[in-house]
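In what follows, a single structure is set out as structure tokens and then discussed.
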Amino acid sequence: MPDPAVPDPHAPRVMPRALITGGSRGVGARLAAILAADGVDVTITYRRSRESADEVVAGIRAAGGSAKAVRLELESTDDIEALFADGARFDWLVANAAASAFKPIERLSPSNLERSWQTNVRSFVLLAQRAVTRMPRSGRIVAVTSYGAQRAFPAYGAIGADKAALESWVRHMAAEFGERGITVNAVNGGLFDTDSFRHYYDDPALPDAATMAERVPLGRIGTPDDLAYAVRFLLSPEASYITGHTLVVDGGLTIVAPPYWSEVRAAQRESREPERRETTGEERPR
């Protein structure tokens, strides 16, 4: 009798289906293109920019992939229910979309807090609840979080707390869904060249992007590909025994603290400058 755990090499290949929230730009758009190139049937969601979502889908289809875009308001339980209507199923769920108010805590209104939680946390739980009942034993759930889940910085309190909550939900889901053979993980991203990054750092009170890049041990801001390929790994068969964990993808940003190496090295170079002048044979005043 054939072992049901061993795939039948003669069985027709079934194209995996992936749902990526926030797939109309940035990391979500790159992940959609990468997975589609791997032969995955991709559904991306968008909230406002249908034109951008359609461009992502058109690019994937032009390259021979399979994709579609669906408008999804993450605050709406009706929209989430409609996504799974008519028996729709997904093998992989990637919760990538996020939104919140960048305000000091004392200025966050009850509406800010409620909408942030509904968009970032409640939607993830509701999507996972509905997706998991139709996933195969190779199912995957990945939440995209950020280094604000573990670090505190200005005007990030609402979304940072939400991202920390996602990482806690990941651990609980991993423990509960493990008996189904489904893995649940998070990817915690640092600084990435996305619209959100540019929007946040477009503030004269904050260090500019070049300064922040110098503070990253790898010396650069991350690209959408850096994060997308990390998510792809957690969706792959090679990650089938990894669950309940948060993979940090930040170029080493969260392993350092002030004083930053780049600033110390710059100061050291300046302090050595008189020595350089002396070694050139220039006379120093006596």
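So the values come out like this:
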item: Theoretical gain in end-to-end length, E214 to T77 [0.36 nm per residue, Cα-Cα removed]; result: 45.1 nm
item: Projected-area average for the stretch 60-155 over all orientations - Cα convex hull basis, square nanometres; result: 8.5
item: Rg(Cα)/(2.2 N^0.38 Å) for the stretch 1-141, N = residue count; result: 1.19
item: Surface share of carbon and sulfur [accessible, 1.4 angstrom probe, percent] for the stretch 7-114; result: 50
item: Most to least packed among 196-204, 168-176 [average Cβ atoms within 10 Å]; result: 168-176, 196-204
item: Solution diffusion estimate, µm²/s, Stokes-Einstein, the stretch 128-277, Kirkwood Rh from C-alpha pairs, 25 °C, viscosity 0.890 mPa s; result: 141
item: Amide H contacts of S66 (H built 1.01 Å from N, under 5 Å, at least 5 apart or other chain); result: V42
item: Span from the the stretch 16-48 Cα centroid across to the the stretch 142-200 one, whole angstrom; result: 18
item: Whole-number accessible area per residue in Å² for the chain, which is evaluated in the context of all protein chains at 1.4 Å; result: 57
item: Carbon/sulfur fraction of accessible area - the stretch 125-229, other protein chains in place, 1.4 Å, %; result: 52
item: Amide H partners (placed H, <5 Å) of S146, local residues excluded; result: G189
item: P(r) weight above 21 Å for the stretch 132-204, C-alpha pairs, percent; result: 38
item: Principal-axis tilt of helix 50-62 within the chain, Cα atoms, nearest 10 degrees; result: 80
item: q = 0.17, 0.18, 0.21 Å⁻¹: log10 I(q)/I(0) that the Debye formula gives for the stretch 181-230, counting C-alpha atoms only; result: -0.58, -0.63, -0.79
item: Rounded to whole Hz, the Karplus (6.51, -1.76, 1.60) HN-Hα couplings of the stretch 228-242, x for glycine and proline; result: 4, 6, 5, 5, 4, 4, 5, 8, 7, x, 5, 9, 5, 10, 10
item: Heavy atoms of K68 accessible to a 1.4 Å probe, total area in Å² rounded to 10; result: 110
item: Coordinate range along principal axes, alpha carbons of the stretch 44-95, Å, largest first; result: 33, 25, 19
item: Heavy-atom accessible area ranking, 1.4 Å probe, most first, across R50, R265, R30; result: R50, R265, R30
item: Accessible-area value, L31, 1.4 Å probe, nucleic acids and ligands omitted, Å²; result: 0
item: Tail fraction, Cα-Cα pairs, the chain, threshold 35 Å, whole percent; result: 26
item: With Cα atoms, 0 to 90° folded angle of helix 157-177 axis to the chain main axis; result: 40
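The values are calculated or read from the model by the stated rules, or taken from the named source; none is laboratory data. The structure presented is a predicted model; accordingly, all values stated were derived computationally and were not measured. Because the Cβ atoms are built from the backbone with ideal geometry, glycine has one as well, and the counts that use them run over all protein chains shown. Side chains included, ligands, DNA and RNA excluded: accessible areas come from the protein's heavy atoms. Shrake-Rupley method; radii C 1.70, N 1.55, O 1.52, S 1.80 Å.
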